[in-house]
1. Report, to the nearest 10°, how far helix 70-79 tilts away from the longest principal axis of the Cα atoms in the chain, using its own Cα long axis and a range of 0 to 90°.
2. Could you give the nm distance between label points at ALA234 and MET67, where each point is 7 Å from its Cα heading toward the beta carbon?
3. What spacing in nm lies between the two simple spin-label points modelled at LEU166 and SER106, each 7 Å away from Cα in the Cβ direction?
4. With a ≥ b ≥ c the root eigenvalues of the C-alpha gyration tensor of segment 121-202, is it rounded (a/c under 1.5), prolate (a/b larger than b/c) or oblate?
5. Have a look at the DSSP beta bridges in the chain and tell me what percent are antiparallel, nearest 5.
6. Gaussian network model of the chain, Cα springs within a sub-10 Å range: biggest mean-square fluctuation belongs to which of LEU182, LEU219, LEU158?
7. For a quick check, take a GNM of the chain with Cα springs below 10 Å and name the residue from GLU125, GLU54, GLU66 with the largest mean-square fluctuation.
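We did not get these values from a lab; they are worked out from the coordinates using the rules stated. This structure is a prediction, so every number in the text was calculated from the model and none was measured. No Cβ is skipped: glycine too gets one built from the backbone with ideal geometry, and neighbour counts run over all protein chains shown.
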Amino acid sequence: MKHTIWAAALAVWLASGGAGAQTTSLRLTTESSPPFNMMEGDKIVGRATDMVREMADRAKVGITIEMLPWARAYNQALKESDTCVFTTTRTPEREALFKWVGPVGSSDWALYGNAERKLKLGSIEDARPMIIGTYLGDARDEYFRSRGFKVESVSDDLSNPRKLLLNRIDLWAASVVRGSMLVAQNDWTGKVVPLLVFHKVDLYMACHVDLPTALIDRLNAALQTMVRDGTTKAIEKKYAHWPLPPT
């Protein structure tokens, strides 16, 4: 019991920056990916964005957030020592490239198909002979490429369901949330259909490897206090039925 109380007190102390901590500033990059990160007027909001803002505030870390195309957002965190990118999947291939804060969300991955073709998938191995449309630089793109699947990537994920309907690709790899929102928004319900949910991942903020480990620990400790006091669940509930903004 005493150990539990001490651990909780230590987490709060770390989250607040510890003794004599100074406020630190970080540059954060992200992409438009509702409901995790999106524009509301001139402000970036969303399930993950709200968590990151609250986490940084509790850890006494000043932040700026910039919304960019995914490849640019990701590469800035790789190259610029004061930068983190969110939300991204923590994969074995990426593990040593960053220092990690999270998870700040989770995502189910699915393969979508053109309903007219009546394709059936029992597992991802059934997709091996097919061409899979992916988003350039996305974890799903890395996932299929690393396993030797046939992949065509695009810089705008909305192009994939359009290519699917034209039979220019056989399958589209997307998150269930993102995929279902794009399908509903564009009146593709019944035309673009989920064929297989094949993977579940946690989503993180990935920070440049040169950032101090103590800073990463402060951010993670702040996030843990949010989990314990119900803040993360409240933020998730807020965005549970958030609609995708018009394109």
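1. 40
2. Roughly 2.5 nm, to one decimal.
3. In this crude label model, LEU166 to SER106 measures out at 3.7 nm.
4. It comes out rounded by the Cα gyration axes.
5. Restricted to the chain, the bridges split so that about 60 percent are antiparallel.
6. LEU158
7. Result: GLU125 has the largest fluctuation of those listed.
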